[in-house]
Every structure is written in C-alpha cells, then in structure tokens.
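The values are calculated or read from the model by the stated rules, or taken from the named source; none is laboratory data. The model shown is predicted, which means the values in this text are computed figures rather than measured ones. Neighbour counts are summed over all protein chains in view; Cβ atoms, including those assigned to glycine, are modelled from backbone coordinates with ideal geometry.
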C-alpha cells in the first residue's frame with residue numbers, strides 16, 4: 001500500500017481542479033498546468049481535494065498510484081507558489097548577467113556562454129555571482145538549472161564552478177611534492 005498515494009491532494013483557496021478522462025487540469029493564480037495519468041489509476045475531485053486510487057492490485061498500478069498523486073501535488077504547488085532553484089557562481093572572473101531573454105555567462109572560456117531561456121521559466125541574476133531560476137513547472141525549472149550548471153560544474157580541488165545554493169562540494173587534496 002502506498003502511504004503517499006492514500007493522502008488526498010488538498011486544493012488551497014483560489015485553485016480549481018478538473019478531471020476529464022485521465023487528464024487533470026489545475027488552474028491557480030500563477031497559471032494552468034495539466035497532467036495525464038495512466039490507465040492504471042482513477043483520479044477524482046471531491047470535497048475540495050483530488051484523490052487517486054489504483055485500479056487493481058497489479059505492481060504497475062501500485063507504482064503509478066503514488067507517482068500520480070505526487071505529480072498532481074506538484075501541479076498544485078506550481079500554480080500557487082511556483083518552484084525556485086538558486087545557483088551560485090564561484091571562481092575568479094566568473095560572472096553572470098542578463099541580456100533580454102538570454103543569460104550571458106563568463107566562465108573562463110575564450111568566449112562568453114550565451115544561454116537562451118526557454119518559455120515558462122524566469123531567470124534572474126540579482127548579483128554577478130547568483131542566478132535564480134523560477135517557474136510553475138518543476139521539471140522545467142530543474143532542467144534549466146541543470147543545463148546552466150553543466151557549463152562549468154564545480155570541481156573538487158578549488159571548488160570553482162556553478163553550484164546549487166547550499167550544495168556541498170567534497171574537496172580533494174592536491175598533489176604532494
């Protein structure tokens with residue numbers, strides 16, 4: 001039995017959910033998001049909450065039960081508060097600036113890295129060494145943050161690179177003479 005799947009997803013005030021077939025649509029102050037559940041689960045809206053129940057006792061139905069409930073909860077969180085990832089840049093001369101809908105990164109290469117920001121995500125650079133990625137789609141926010149981090153992942157010897165805020169980088173000792 002899924003402990004996560006048993007819990008209903010409560011809808012806060014100002015959020016509406018509707019189900020048509022296997023598609024769940026959630027509308028809130030920040031926008032509208034949809035999720036299509038598999039045929040292994042049943043989704044229903046009742047008493048200002050969304051409930052997910054498995055169809056049968058198959059292994060796949062029980063797997064989809066908790067996952068579907070979590071996806072619906074992420075829709076509700078996205079349209080109410082949104083998702084946010086913060087990145088820190090450390091290294092001499094490493095910096096980030098915004099130019100319209102592009103993020104310009106100086107990361108020690110012979111050229112500046114220009115990253116085009118996709119639709120549905122807001123990227124800001126409040127300081128030259130900080131980047132904030134915000135949006136209502138958790139997967140897209142995480143993917144954009146990972147793509148930015150990929151340009152210069154933190155290295156273990158000096159700790160230079162782009163890291164998530166609060167991320168611990170295991171440091172290694174250099175060569176001995």
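Annotations for the structure displayed:
- Subset tally (residues that are loosely packed, with under 12 Cβ neighbours inside 10 Å and either assigned to a loop (DSSP other than H, G, I, E, B) or in contact (Cβ under 8 Å) with a residue 40 or more places away in the chain (or both)) for region 90-107: 4
- Selection count where residues are touching a residue at least 40 places away in the same chain (Cβ under 8 Å) and loosely packed, with under 14 Cβ neighbours inside 10 Å, scope region 31-48: 2
- Selection count where residues are over 21 Å from the mean Cα position of the chain (by Cα) and surrounded by 13 or more Cβ atoms within 10 Å (Cβ to Cβ), scope region 113-128: 1
- Residue in region 72-89 that is surrounded by fewer than 13 Cβ atoms within 10 Å (Cβ to Cβ) and within 19 Å of residue 153 (Cα to Cα) present: no
- Any hit, region 153-165, residues being at pLDDT below 95, farther than 16 Å from residue 88 by Cβ, outside the structural domain of residue 91 (by TED's automatic domain parsing) and exposed (fewer than 14 other Cβ atoms within 10 Å of the Cβ): no
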